[in-house]
1. Look at ILE579 and say whether it is assigned to a strand (DSSP E or B), touching a strand residue (DSSP E or B) at 6+ places or on another chain (Cβ under 8 Å) and at pLDDT below 90.
2. Mind listing whichever residues of the stretch 982-1031 are among the aromatic types (Phe, Trp, Tyr) and in a strand (DSSP E or B)?
3. Looking at (1) closer than 30 Å to PRO1045 by Cβ; (2) open to solvent by 20 Å² or more (accessible area, probe 1.4 Å); (3) of a type in the set (A, V, I, L, M, F, W, C), which is the one condition that is false for ILE947?
4. Can you say whether ASN582 is of a type in the set (S, T, N, Q), open to solvent by 40 Å² or more (accessible area, probe 1.4 Å) and outside the structural domain of LEU463 (by the TED database), as far as the supplied structure shows?
5. Hey, could you check the stretch 930-959 for residues that are hydroxyl-bearing (Ser, Thr, Tyr) and in a loop (DSSP other than H, G, I, E, B) and say which is nearest to SER866 (Cα to Cα)?
6. Could you give every pair whose Cβ atoms fall below 6 Å, whose first residue belongs to the stretch 194-211 and is more than 17 Å from LYS175 (Cβ to Cβ) and touching a residue at least 40 places away in the same chain (Cβ under 8 Å), and whose second residue is aromatic (Phe, Trp, Tyr) and crowded, with 19+ Cβ neighbours inside 10 Å, counting only separations of at least 6 or pairs across chains?
7. With the structure loaded, tell me whether SER543 is part of a strand (DSSP E or B) and in contact (Cβ under 8 Å) with a residue 12 or more places away in the chain or whether it fails that test.
8. Can you work out which of the residues in the stretch 401-413 that are of a type outside the set (A, V, I, L, M, F, W, C) and not in a helix (DSSP H, G or I) is farthest from LEU355 (Cα to Cα)?
Amino acid sequence: MTEPPRGLEVALRTPIGDALLLMGLLTTGLVQSSVPASAPRGFWALPANLTAVEGAEAELQCGVSAPGSAVQWAKDGLLLGPDPRIPGFPRYRLEGDPAKGEFHLHIEACDLSDDAEYECQVGRSEMGPELVSPRVVLSILVPPKVLQLTPEAGSTVTWVAGQEYVVSCVSPDAKPAPEITFLQSGQTVSDISANVNDGSQEKLFTTEATARVIPQSSDNGQLLVCESSSPALDTPLRASVTMNVLFPPGAPVIEWPGLNEGHVRAGQSLELPCVARGGNPPATLQWLKNGQPLSTAWGTEHVQAVARSVLVMTVWPEDHGARLSCEASNSVSAGTREQSVTLQVTFPPSAITILGSASQSENKNVTLSCITKSSRPRVLLQWWLGGRQLLPTEETVMDGLHGGHISMSNLTYLVRREDNGLTLTCEAFSEAFTKETFKKSLTLSVKYPAQKLWIEGPPEGQLLRTGTRVRLMCLAIGGNPDPALTWLKDSRTVTEPRLPQEPRRVQLGSLEKSGSTFSRELVLVIGPSDNKATFTCKAGQLSASTRLVVQFPPTNLTILANASALRPGDALNLTCISISSNPPVNLSWDKEGEGLESVAGLPQKAPFKGSAAARSVFLRVTSRDHGHHVTCRAHSAELRETVSSFYRLNVLYPPEFLGEQVLEVTAVEQGEALLPVSVSANPAPEAFNWTFRGYRLSPAGGPRHRILSSGALQLWNVTRADGGLYQLHCQNSEGTAEALVRLDVHYAPIIRALQDPTEVDVGGSVDLVCTVDANPILPDMFSWERLGEEEEDQSLDDMEKISKGSTGRLRILHAELAQAGAYQCVVDNGVAPPARGLVRLVVRYAPQVEHPAPLTKVAAAGDSTSSATLHCRARAVPNVVFTWTKNGVPLDLQDPRYTEHTYHQGGVHSSLLTIANVSAAHDYALFTCTATNPLGSDQTNIQLVSISRPDPPSGLKVVSLTPHSVGLEWKPGFDGGLPQKFRIRYEALDTPGFLYMDVLPAQATAFTLTGLQPSTRYRLWLLASNALGDSGLADKGIQLSLTTPGLDHPSGIPDHQPPTEQPAGTSEKTEAGTEEDRVGNEYEESQGTGDRDTQSSTVSTAEGEPYYHSMRDFSPRLPPTLEEVSSPRGLVGFEDEGMAFPGHLYDEVERMHIPSGSWGPLYDEVQMDPYDHRWPEDKYEDLRGIYDQVAGDVDTLGPDSLPFDLRGELV
């Protein structure tokens, strides 16, 4: 029997390991054959030693020839069990077909724990005893994963060339131990020592290697690499550092421009490049001159490792022989390396100087020396005069600076007059400077005198006025040098003023030359000192003179006084002296323009060869003379000129108030006041003391005053209490004076007394009196205004205005109701603001009850379950008392079925009688309301009727008309006590049949009917209906005819409307008539009524509509109670036993109704106080009497000015 093949001894690594494993498996499969069941027990495939790389797969072979036997593997003696999945070892499993006896151990992702001895064991069976394969070793290779390089891998190390450095490299935790090699710039390093140590785990090894490296300049920028090799690696593991090798640069090179090194011309700009190649770091270059640093600037080309420095300098003669050096070094240089060049400088003489004077008198020798500055090489000298060359008398060469030479040439020459002005030149030349010429020139000046001298100016003896500008010209002919023309005045040299602030009376011109003529001008603004003065012009030994005669007024007027401090009554003697004038002057005296008698003085000697004069005057002074000027005048008739001088009188006197002193000052209250002081005193007053009402005002000032430096008293925030007499006390060293100044403070008027209200009966007379406090009191400062909405209401033509002092009156004769109302007293005395006071005129009159015609109707169901409210309104002042009768019999208001509420608002009074549980048998009657006050009474009748069909509406009219519509308005009639609605019936006259249109909303009193045809005649009816029927068409007042306009006509209200028939029995007395009588006479009996209904319950118009009320939904708006101030609820919510209050007193109230507009107008004309809408707190003790009480007084001027029953508020 052939021996089965051994297991593959191959390391399973991807991808080579996978291919080898596949080849081994294929080979095994080809050799292996099926084992018959009767084959003897034994192994047909045994495991072999195997090597695998960490992470790869491995498989150990085991083929058994006894099928059905229990086979398992042992690892280092540990049995793994027969289960193919090998529990506890997730990476282990048994591979192969057990039926064929294949029990191969397959290991995935091998790691170091799999490195062990393995054996395949076959358990005992019927076929034979147990079998154990030979032990084999699975060796796991662990590759090195990191390299620890010192210096750190990836870094750059800086080394100096030629020095030795130690580098270490560690390859940890590998199996087997890795081999380490070093590469320097790609070459293997031989000096290496290595050690192998145990790794961090069992069976792992760490290799440590050390290399000694000596870098060279060629290693700069190259890599030093550490490689770790292992059988587990395909390629070695590498780590490297970059070597930055420092080495010194090469020697510097100076690149001299041109062929002659070191030769240069002075003044030339020299540029010398110096280049040093190599070196790390690149070279540092420095230029030195004679060992001293000259330039430290250089540039570097890092790519080529070249350092370059260019020396730029301008060469000067002193640079001759200088040694220029270029030094190169870097941080690792042992020393500096340099190259030098020595300068050979060529330079011309910087200057040529001629020594000696070129000025000489004619026919004499001039001696000159020409000397050059140092030059290299030396120069030759030549002399030239004009175009002639002159021969030198001596030539000398000497050593000069900077290695150069100094040349000198001497010349002696006899000058003549014709040589004057010629140019004498010393010229230097050399072959080294062929293109340049160096010379020095000067001009010969041959001296000889001038030939003639004279003066041009005014003729001698001519009279000249002081201040005249005189021009003197000195002229000379010939002479060298130019003659110095000098001006003298009386043998003294004339000069210009040196100080700029001095007037330029002398202008000395410069020497002018024209050909051979020389001139110099002297310009004089002549003065007294020039009178008879001699002006001389000199030129060398020659001279010329002229004399001026000057006329001038007095040069100075001096006034002498015998005293300086004067007092009234003192004598003063003044002497006026004229120092000098030409011709003589006449002196005179005056005081403030008034001539004075004077006495002539003795003659005296005068300067400037003029004449002197003197004159005296005698005065006796008074205080009025202080400050006056006493003037001395010197007059020259020939010059027509007068010179004046004055003496100011200083008279000491006590204070004196001037005539313009203000004795009364007017000021406005809260404004400012200035009490001026017009006082004269010498010396000035030392103090100004003000006294008011015995109190002295502080000179330092106070909160509302200050005393000005002039003595004036300034006051601010003036009050009327500041008015009065102020005493002023002035004082100086000579005495005192006093004055009284009155301050009159004007202030705006304030009304002190105004009787409000003022009452009068109709037809009586009364005065509206207005008393004010004001200053000033003016006769026409009172005016009166009537406060009303209409302009005609404001007329005061029928009233008399009286003004006397602080009281103004408006007298009203035969008072009328139309005159009642608010009047305003306006007082304007010119000081703002004017005062205004309101006074109310109350005209008392008898009651006037509204009398609707023909009869007031109120409807209510007479089924003893409904309620009715009767309204009665009257106008009167003072308040009225209402009484009610039924069919002429006084009504017993103690009957619980009757409840009365009374309202008083100004001059309007209302009574609301509520009848509960209306009975047709007892309550359908005529009720009479009577209003009474002390001046009379009036009454009206109200009929309580049953509910019925509505009355026809009235006042139907057209308010707008278009081709397709018509706008209508009407007044609703009595609704019969039930809700009513309106319907329009209309027809086109040329079309048979009627059309109907319901008015919506039902309570509307205006409606626009649409759908009409243009240019068509229509007839319209308006019907009112309720639940009991309609109003019918009998009343002509509810119909009208109209014609719609055509499409080409504008829309609008037709010019003519068919009149509607007015209901019979309409009263001529309308509410408008009573309104006129009551304007402005509303006399409030209660302080406001809260939310008032602004409509009226009485409707009595020009159309004469009936006066009636419906009880449906009736809920009058009453003045708010105190509780309602903070609650929005109305009075309807109050339940007070015994209070007849419309709203919830009886259950029937909820079915009551009043048409829109029937209740509201009850208070149409009543106006509330716009500033007080509160209901008096003291009126809420008993709600049942809330409408019977009189409101508290709101008059802020006098709450007790009226009797209690007449108090109120007029709006």
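The values are calculated or read from the model by the stated rules, or taken from the named source; none is laboratory data. Quantities reported herein were computed from a predicted structural model and do not represent experimental measurements. Glycine also receives a Cβ, built like all others from the backbone with ideal geometry; neighbour counts cover every protein chain displayed. Each accessible area value is taken on the protein alone, full model and side chains, heavy atoms only, with ligands, DNA and RNA left out. Shrake-Rupley method; radii C 1.70, N 1.55, O 1.52, S 1.80 Å.
1. yes
2. Result: PHE982, TYR986, TYR996, PHE1007, TYR1018, TRP1021.
3. Tallying (1) closer than 30 Å to PRO1045 by Cβ; (2) open to solvent by 20 Å² or more (accessible area, probe 1.4 Å); (3) of a type in the set (A, V, I, L, M, F, W, C), ILE947 fails exactly one: (1).
4. Spelling it out, it is not the case that ASN582 is of a type in the set (S, T, N, Q), open to solvent by 40 Å² or more (accessible area, probe 1.4 Å) and outside the structural domain of LEU463 (by the TED database).
5. Out of the qualifying residues, it is SER946.
6. Taking only residues 6 or more apart or on different chains, the pairs are ALA211/PHE182.
7. Criteria met by SER543.
8. Checked the stretch 401-413; the qualifying residue farthest from LEU355 (Cα to Cα) is GLY404.
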